[in-house]
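Okay, so here's the structure we're looking at.
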Amino acid sequence: MKNLTLANIAAACGGRYVGPAEKASIEVSAIETDSRKVGEGAMFVAIKGERVDGHKFVDQVVANGAACVLVENDLGQQPYPYILVESSLQAMKDVAEFYLKGLDIPVVGIAGSVGKTSTKEMTHSVLRQGFNALKTEGNFNNELGLPITIFRLRDENLAVLEMGISDFGEMHRLAKVARPNTVIMTNIGCCHLENLIDRDGILKAKSEIFDFLEPDAHIILNGDDDKLATVSDVRGIKPVTFGLDEKNDFWASDLKSLGLKGTACRIHTPVGDFDAVVGMPGKHMVYNALAGAAAGVAYGLTLDQIKAGIESNGSLSGRFNIIDAERYTIIDDCYNANPVSMKASLEVLQDGANRRVAILGDMGELGTDERALHAGVGAHVAGLNIDAIYCAGPLCEALAQAAVDGGFKGEVKHFATRDELMEALPALLHDGDTILVKASHFMQFPAIVEMLKG
């Protein structure tokens with residue numbers, strides 16, 4: 001890894017190198033926090049987690065060929081080199097910041113309340129048409145996951161990094177590590193209200209991503225979002241906006257639903273227009289395409305390249321992934337949920353064939369208004385063309401009741417737990433149903449998807 005000698009690593013994180021002087025010039029081959037992934041020449045970072053203390057695996061990784069270990073415990077004199085730090089997590093961030101600076105490649109930071117991952121996927125799909133681009137995988141978007149992602153960089157010449165937070169100060173720390181040249185903000189929705197209180201608090205916390213921007217940076221914002229529309233100047237940088245309204249710099253017209261196969265539309269940009277098919281359903285996916293188009297223009301891609309990137313973007317497991325199972329069409333959207341994404345997914349369900357069934361679970365981290373926010377989703381679904389709602393969890397009771405009170409014409413059933421819902425589903429579902437499965441991650445709804453797949 002470029003410039004990551006043991007001496008440079010110790011200096012970057014303020015650690016104390018302990019070991020033979022001649023080994024301080026060794027350049028590590030990788031940096032790992034999972035002891036099972038440590039191979040010859042890698043450095044193992046021992047993290048004290050809630051369940052497992054990585055320090056227990058030091059002897060194992062050394063035996064497997066680790067060049068060094070980074071630890072919080074003083075190990076005394078050892079036959080192998082190690083770096084002693086106060087905080088392994090902080091050291092990870094410090095070293096990642098040093099490593100990324102040394103690579104000197106553009107960084108696109110993806111932030112927002114809803115749709116970060118799908119926007120990241122779309123942006124990466126577009127930018128890889130002109131770059132060897134790395135992207136965040138899975139949920140590696142926090143203060144541990146971001147450094148792990150950065151340490152995967154080798155020969156790439158651009159990085160698309162998702163950045164997720166739940167409290168004030170977190171985005172500032174992430175931005176210090178990533179120092180994005182381009183920021184894409186998807187929206188300001190009702191997420192993590194336990195800490196951020198309201199949407200103004202969310203906007204303030206997300207805007208910490210701007211703290212380390214250089215004057216030539218790009219800012220790409222959802223101009224249809226009422227909160228982001230108030231951001232007119234950031235340290236002298238004028239944001240570029242995207243949305244469905246033609247007031248935006250990047251906007252879409254002539255939207256035509258292709259059902260669960262996506263949406264056809266015309267995309268308008270400051271450098272020209274083109275027709276495209278966004279291959280995943282829902283107008284929120286058109287927003288992702290517009291964000292990707294804005295990033296593509298910022299980095300000099302042609303309209304043909306941008307169109308190719310939009311149309312080649314695929315789905316991810318748990319993120320609006322459409323599965324044609326033997327008995328059902330399943331919309332697997334159960335990685336996470338909040339009121340905005342829940343409503344959007346329910347709207348798309350209307351495009352399904354035969355009976356349209358919503359299998360829903362509780363949404364987490366919504367603060368003191370959590371029941372009212374669940375009821376808001378229920379009131380929204382009452383006006384949609386959906387045939388049945390089967391839901392589980394104490395908060396979804398408010399969702400179910402609001403749907404009934406709102407005049408929902410279909411069948412509504414609420415269950416106390418996920419397991420009770422799963423036990424009842426075989427008798428409730430019909431062959432040919434189109435089924436949306438969505439809940440916050442803690443509800444463990446992927447088990448429902450697996451059951452439906454058969």
Inset, instruction - Any chance you could give the angle, 0 to 90 degrees and rounded to 10, that helix 88-103 forms with the longest Cα principal axis of the chain? - result: 90
Legend entry - Read-out mean projected area of the Cα convex hull in nm², derived from the coordinates shown; its label in (i) 20.8; (ii) 19.7; (iii) 22.4: (iii)
Inset, instruction - Rank these residues by their accessible area, most exposed first, probe 1.4 Å: ARG179, ARG371, ARG36. - result: ARG36, ARG371, ARG179
Legend entry - Projected label distance in nm at LYS2 and ALA353, using a 7 Å step from Cα toward the beta-carbon: 5.0
Legend entry - Gain upon complete extension [ILE323, LYS453; 0.36 nm per residue less C-alpha separation]: 46.0 nm
Inset, instruction - Roll a 1.4 angstrom probe over the protein heavy atoms and tell me the percent of accessible area of the chain that is carbon or sulfur. - result: 48
Inset, instruction - Please work out the C-alpha center-to-center distance from the stretch 200-251 to the stretch 143-182 and express it in whole Å. - result: 19
Inset, instruction - Assign one of three labels to the stretch 314-454, namely rounded, prolate or oblate, based on the Cα gyration tensor with a ≥ b ≥ c the square roots of its eigenvalues; rounded applies when a/c is under 1.5, prolate when it is not and a/b is larger than b/c, and oblate otherwise. - result: rounded
Legend entry - Cα-based reach from LYS409 at 21 Å (exclusive), listing lysines while leaving out same-chain residues under 8 positions away: LYS343, LYS438
Legend entry - Prolate/oblate/rounded label for the stretch 393-444 (Cα gyration tensor, a/c 1.5): oblate
Inset, instruction - May I ask for the angle, rounded to the nearest 10°, between helix 370-381 and the longest principal axis of the chain, with both axes built from Cα atoms and the value confined to 0 to 90°? - result: 50
Inset, instruction - Give the angle, between 0 and 90 degrees and rounded to the nearest 10, that separates the Cα long axis of helix 418-428 from the longest principal axis of the Cα atoms of the chain. - result: 40
Legend entry - Length gained when the stretch GLU214-ASN132 is fully extended (0.36 nm per residue, less Cα-Cα span): 27.2 nm
Legend entry - Distance violations [Cα-Cα > 25 Å] among LYS48/LYS93; LYS93/LYS307; LYS120/LYS453; LYS2/LYS116; LYS283/LYS453; LYS37/LYS453: LYS93/LYS307; LYS120/LYS453; LYS2/LYS116; LYS283/LYS453; LYS37/LYS453
Legend entry - Listed residue (GLY54, ILE83, ILE110) projecting farthest to the positive dipole end of the stretch 33-191, Cβ model: ILE110
Inset, instruction - Please work out the average accessible area per residue across the chain, using the 1.4 Å probe convention, and give it in Å². - result: 41
Legend entry - 20 °C / 1.002 mPa s Stokes-Einstein diffusion coefficient of the stretch 150-262, Kirkwood radius on C-alpha pairs, µm²/s: 137
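The values are calculated or read from the model by the stated rules, or taken from the named source; none is laboratory data. This is a predicted model, so every value here is computed, not measured. Neighbour counts are summed over all protein chains in view; Cβ atoms, including those assigned to glycine, are modelled from backbone coordinates with ideal geometry. All accessible areas refer to the heavy atoms of the entire protein, side chains included, with ligands and DNA or RNA removed. Shrake-Rupley method; radii C 1.70, N 1.55, O 1.52, S 1.80 Å.
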